[in-house]
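The values are calculated or read from the model by the stated rules, or taken from the named source; none is laboratory data. If you're wondering where the values come from, they're calculated on a predicted model, not measured in any experiment. A quick note on method: Cβ atoms are made from the backbone with ideal geometry, for glycine too, and the neighbour counts reach across all protein chains shown.
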Amino acid sequence: MATRPLTRAAALSLLLGLACGRGDEGESATTGTSTSTGGDIGAATDMFDRACHEIFSCWCVDYGYADEASCAAELLERAMSDHAQVVSADQAFDWGCYERTLEVNRLGCDPDPNILGSGFFMECPSCQISFGDGQLGEPCQGTFSGSTCAQGLRCSHHEAGFCYDPCAPPQVDQPCPDPGCGEGMVCFDGACRPLIGRLGDYCAYFGVTCGPGLICDWSGDEDSTCAPVLAPGESCLGTGDRCPEDYHCPGPAYVCALRPDIGEPCVSAPCRSGAYCDTVTQVCQRAPGIGEPCDDNCPYPTICASLLSVCAAPPEAGEPCVDGKCASGKRCAPGGICQPEPAVCHNP
């Protein structure tokens, strides 16, 4: 086996991860579950002998153990203690799942400690080292090495835990599982909600966009919700900013009216798309295009790059940030590179 350096942090993560095993009475240590230790110790000893041999075949500054024998002995003692706790809690101990964790932990020879960790437990099909008989959607409790849910399910870590299938992404309006909601959704008020807002959905959060024909209504006393876009000339009194694009709601008539265009005064209203209000003349001027000189007057979503003072397209993921800015849905990460923004917005 080719050997590569293993950091101390990775080694410690690996060794701690080896002490998690669980599963039904009478089956072998490597293929099934058990509620007794008889017959399991020999197979568990073999597992730890192999695992510790893998660990010591890597080059490490500090293995955390004097030698392979002491490594295997300590891990076996820890596993038997875990096994006893699981059995005393009247749960099953799955040695097959335990051995799967050993297969993953053999990646400990990789120098990147981020490879080790919780990713394994989200694999499909999923397994728990200790488990109960809770069924899909039923209340549950987490344990130090699994949960009271049946094998193949997981227990959510919410205040009111429930058993869920980590291999079946939740649908819209279903409870949020721990791995999070599926693509195009976000967790809010304990349920998965669409990022493309429906009529009446909350929209006052970053990343939530109202669907076609809808706009975010900011006029309510509560959180803003998606409401129909008003028609040109329609009354907009008390409706917030629900007029169509390039329209506004001026008094005293308070009906949706066009915003001023290029060459028109902009004292009391912002200019239409593709124009900006000259602060000296108070008249709408054509907005500069990409590559043209700018002075903080680039049309959205372009930005005025200070280095050359020209309008530029906002950088996407993987591209260098421009004046600390990135395209919508991206953030400027340490190192000056744009990365996808984590989903932190909510839409009930």
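Scanning region 272-288 for residues that are surrounded by 12 or more Cβ atoms within 10 Å (Cβ to Cβ) and β-branched (Val, Ile, Thr) gives a single hit, Val283. With respect to the stated conditions, Gly335 is more than 30 Å from Tyr202 (Cα to Cα), modelled with pLDDT under 90 and out of contact with any Lys or Arg (no Cβ under 7 Å at 6 or more places or on another chain). Somewhere in region 92-108, is a residue at pLDDT below 80 and in a loop (DSSP other than H, G, I, E, B)? Checked against the condition, which is being at pLDDT below 80 and in a loop (DSSP other than H, G, I, E, B), region 92-108 yields no hits at all. Here the condition is being on the phi < 0 side of the Ramachandran plot, loosely packed, with under 14 Cβ neighbours inside 10 Å and either of a type in the set (Gly, Ala, Ser) or modelled with pLDDT under 85 (or both); of Asp221, Asp189, it holds for Asp221 alone.
Quick check: anything in region 289-302 surrounded by 15 or more Cβ atoms within 10 Å (Cβ to Cβ), within 28 Å of Val186 (Cα to Cα) and either free of Cβ contacts under 8 Å to residues at least 24 places away in the same chain or of a type in the set (Ser, Thr, Tyr) (or both)? Within region 289-302 (the criterion being surrounded by 15 or more Cβ atoms within 10 Å (Cβ to Cβ), within 28 Å of Val186 (Cα to Cα) and either free of Cβ contacts under 8 Å to residues at least 24 places away in the same chain or of a type in the set (Ser, Thr, Tyr) (or both)), the answer is yes, since at least one residue qualifies. The strands (runs of 3 or more DSSP E) located wholly in region 244-313 that include 3 or more residues which are more than 35 Å from the chain's Cα centre (by Cα) occupy 275-277, 284-286.
For the structure I just gave you, tell me whether Ile196 is under 20 Å from the mean Cα position of the chain (by Cα) and at pLDDT 80 or above. So Ile196 fits the description; yes.
Screening region 109-137 for residues that are at pLDDT 50 or above and crowded, with 17+ Cβ neighbours inside 10 Å and picking the one that is nearest to His53 (Cα to Cα) gives Ile129. Only one entry in Val208, Val229 is at pLDDT 90 or above, surrounded by 15 or more Cβ atoms within 10 Å (Cβ to Cβ) and within 30 Å of Val186 (Cα to Cα), namely Val229.
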